[in-house]
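The values are calculated or read from the model by the stated rules, or taken from the named source; none is laboratory data. Quick caveat, the model's predicted, so the values are computed rather than measured. Cβ coordinates were reconstructed from backbone atoms using ideal geometry, including for glycine residues, and neighbour counts include every protein chain displayed. Accessible surface is based on the protein model in full, side chains and every heavy atom, while ligands, DNA and RNA are left aside. Shrake-Rupley method; radii C 1.70, N 1.55, O 1.52, S 1.80 Å.
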Amino acid sequence: MNWEPVIGLEIHVQLKTRTKMFCRCAVGALDDPNTRTCPVCLAHPGALPVPNRQAVEWTVRLGLALGCEIAKRAVFHRKHYFYPDNPKGYQISQYDEPLCVDGRVRLPGPGGVAEVGITRAHLEEDAAKTLHVGGAEGRIHGATASLVDFNRGGTPLVEIVTEPDIRTAEQARRFLQLLRQTVVELGISDAEMEKGSLRFDVNVSVRPAGSDELRTRTELKNMNSFAFAARGIEREIERQIGIYESGGEIEQETLHFDPNREDAPPLRSKEEAEDYRYFPEPDLVPIEPLREWSPDDLRAELPESPSARLERVLAAGLDLRDAEALNTEPSRVTLFETIRDAGIEARSAATFVLNEVARHDVDPARVDGAELAKVLRDRDQIPREALDAAVAASASEGFSAEAYLHERTVADASELDPVIDRILNENEQQVEAYRSGKEGLLGFFVGQVMRETQGKANPKVVNERLREKLKT
């Protein structure tokens with residue numbers, strides 16, 4: 001039987017507001033432990049929450065970027081659970097009336113564009129941080145003790161829940177990368193996984209190919225690496241298929257993927273909504289975002305989505321690896337497109353931006369792409385040193401290609417042949433090896449000629465003359 005994976009994601013994004021979600025404590029999860037706390041975020045009796053306006057606005061902006069509808073009315077709820085990192089015994093979150101619903105994100109890939117539905121994006125407060133002592137890499141398994149740092153408790157947190165529209169581990173990786181880039185470019189989060197400001201859970205199930213049923217799922221909890229998430233998904237797919245094919249059934253539970261052991265020991269049975277005993281937060285009134293902000297005005301202020309950029313770059317004929325590398329910075333894509341539109345073949349333009357511009361540590365946002373393209377068109381006719389100098393200077397004010405195009409390579413065979421003959425005579429052993437089949441030595445000879453001519457020889461002509469002379 002052929003099996004089809006069914007994958008959904010729950011992504012948690014810490015917002016980089018100045019203060020916490022429901023109090024005036026400064027956000028400072030990485031400050032000295034338990035120094036960013038107050039009676040509100042520590043749940044002292046009589047302390048009342050007040051929502052952070054900027055966090056609400058940023059969540060609305062994110063919802064628009066994900067193609068969501070913005071709710072006319074959103075309600076905060078109490079989500080009850082008992083754990084040391086939750087001083088109130090409940091978390092202020094949103095349940096059946098979230099801020100953002102029914103979104104859709106286009107996911108470009110080598111096989112075309114898939115669409116991933118966004119069930120909801122809602123705003124809540126983050127939990128405190130539990131530090132497990134004695135376990136491997138701070139993990140709970142094998143730990144001898146746990147400590148709680150309440151600095152993170154109360155930090156504004158957006159949870160984004162996708163529809164189960166993802167079908168491969170690779171699709172999940174690409175979606176998570178695009179989502180991270182989206183929140184970073186919106187300026188609402190640093191989304192630094194190593195610091196915990198972006199975390200995600202993965203829900204995985206499998207079903208017979210061609211079926212539309214949703215079978216029992218498991219949840220891989222608190223992952224903070226795209227690569228680990230992909231490996232965890234692949235491993236869980238294999239595990240579930242193995243269970244079904246041996247006649248067993250999947251138990252709905254939460255798993256903890258350990259990338260070092262390549263396994264996922266169970267943490268607990270998977271909770272359902274009723275387990276949390278949701279009810280509306282009595283200390284907070286409903287939010288009516290459409291009375292505060294115009295979605296059309298906010299949408300007009302949004303930058304181009306990384307998804308749209310990636311789709312456009314892939315349409316230019318690049319492979320996925322180069323397209324994703326360019327797409328990590330909007331200015332890289334702009335520079336690539338400027339150079340391509342000036343007549344440089346797309347793959348050559350991409351390679352130039354990713355290699356040459358990056359090697360010279362030039363800010364692509366400051367590069368005059370049209371002028372640099374003039375140099376690139378004549379790269380075979382100018383010395384390598386001139387090309388390097390042009391790239392290094394391309395972000396300077398008033399950069400012009402003319403100064404570098406005046407320098408020309410030596411392409412006259414009558415000038416190059418004496419140099420080539422001397423180098424071949426001085427390296428007879430390498431010549432014999434080349435003629436015996438070690439054709440990789442051609443690069444050695446080209447390098448010697450370029451050194452002798454101080455980089456001024458035309459590489460194309462040098463290659464042609466060397467091949468001709470090494471035939472005999």
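Do we have any residue at all in region 113-121 that's touching a Phe, Trp or Tyr at 6+ places or on another chain (Cβ under 6 Å), open to solvent by 40 Å² or more (accessible area, probe 1.4 Å) and not acidic (Asp, Glu)? Looking for residues that are touching a Phe, Trp or Tyr at 6+ places or on another chain (Cβ under 6 Å), open to solvent by 40 Å² or more (accessible area, probe 1.4 Å) and not acidic (Asp, Glu), one finds none in region 113-121, hence no. With respect to being open to solvent by 20 Å² or more (accessible area, probe 1.4 Å), of a type outside the set (Ser, Thr, Tyr) and within 14 Å of His12 (Cα to Cα), Glu185 falls outside the description. Here Arg106 passes the criteria (1) open to solvent by 50 Å² or more (accessible area, probe 1.4 Å); (2) in a loop (DSSP other than H, G, I, E, B) except the one numbered (2). Evaluated against (1) under 24 Å from the mean Cα position of the chain (by Cα); (2) on the phi > 0 side of the Ramachandran plot; (3) open to solvent by 10 Å² or more (accessible area, probe 1.4 Å), Ala191 falls short on exactly one condition, (3). Contact map, region 95-122: residues that are more than 20 Å from Leu290 (Cβ to Cβ) and hydrophobic (A, V, I, L, M, F, W, C) paired with residues that are assigned to a loop (DSSP other than H, G, I, E, B) and open to solvent by 10 Å² or more (accessible area, probe 1.4 Å), Cβ distance under 6 Å, separation 6+ or inter-chain. Pairs shown: Val116/Asp165. Residues considered: Val105, Val161, Val133. Of these, the only one that is of a type in the set (A, V, I, L, M) and in contact with a Lys or Arg (Cβ under 7 Å, 6 or more places away or on another chain) is Val161. Out of curiosity, is Val375 within 21 Å of Ala392 (Cα to Cα), aliphatic (A, V, I, L, M) and not in a helix (DSSP H, G or I)? Considered against the rule, which asks whether it is within 21 Å of Ala392 (Cα to Cα), aliphatic (A, V, I, L, M) and not in a helix (DSSP H, G or I), Val375 comes out as no. Scanning region 335-370 for residues that are of a type in the set (A, V, I, L, M, F, W, C), in contact with a Ser or Thr (Cβ under 7 Å, 6 or more places away or on another chain) and surrounded by fewer than 21 Cβ atoms within 10 Å (Cβ to Cβ) yields Val362, Ala365, Ala370. Looking only at region 60-90, residues that are acidic (Asp, Glu), part of a loop (DSSP other than H, G, I, E, B) and under 25 Å from the mean Cα position of the chain (by Cα) come to 0 in all.
Where helices (runs of 4 or more DSSP H) sit wholly within region 299-344, those with at least 2 residues that are hydroxyl-bearing (Ser, Thr, Tyr) occupy 330-341.
Residues that are closer than 26 Å to Asp102 by Cα and at pLDDT 95 or above number at least 2 in the following strands (runs of 3 or more DSSP E) confined to region 121-201: 156-162. Touching a helix residue (DSSP H, G or I) at 6+ places or on another chain (Cβ under 7 Å), part of a helix (DSSP H, G or I) and under 20 Å from Ala401 (Cβ atoms), is that true of Val362? Spelling it out, it is not the case that Val362 is touching a helix residue (DSSP H, G or I) at 6+ places or on another chain (Cβ under 7 Å), part of a helix (DSSP H, G or I) and under 20 Å from Ala401 (Cβ atoms).
Quick check: anything in region 41-54 polar (S, T, N, Q), closer than 22 Å to Leu298 by Cβ, assigned to a loop (DSSP other than H, G, I, E, B) and touching a residue at least 12 places away in the same chain (Cβ under 8 Å)? Yes: one or more hits.
Looking at the structure I just gave you, is Glu236 more than 17 Å from Glu159 (Cβ to Cβ) and surrounded by fewer than 20 Cβ atoms within 10 Å (Cβ to Cβ)?
no
With respect to the stated conditions, Glu468 fails to be among the charged types (D, E, K, R), assigned to a helix (DSSP H, G or I) and surrounded by 13 or more Cβ atoms within 10 Å (Cβ to Cβ).
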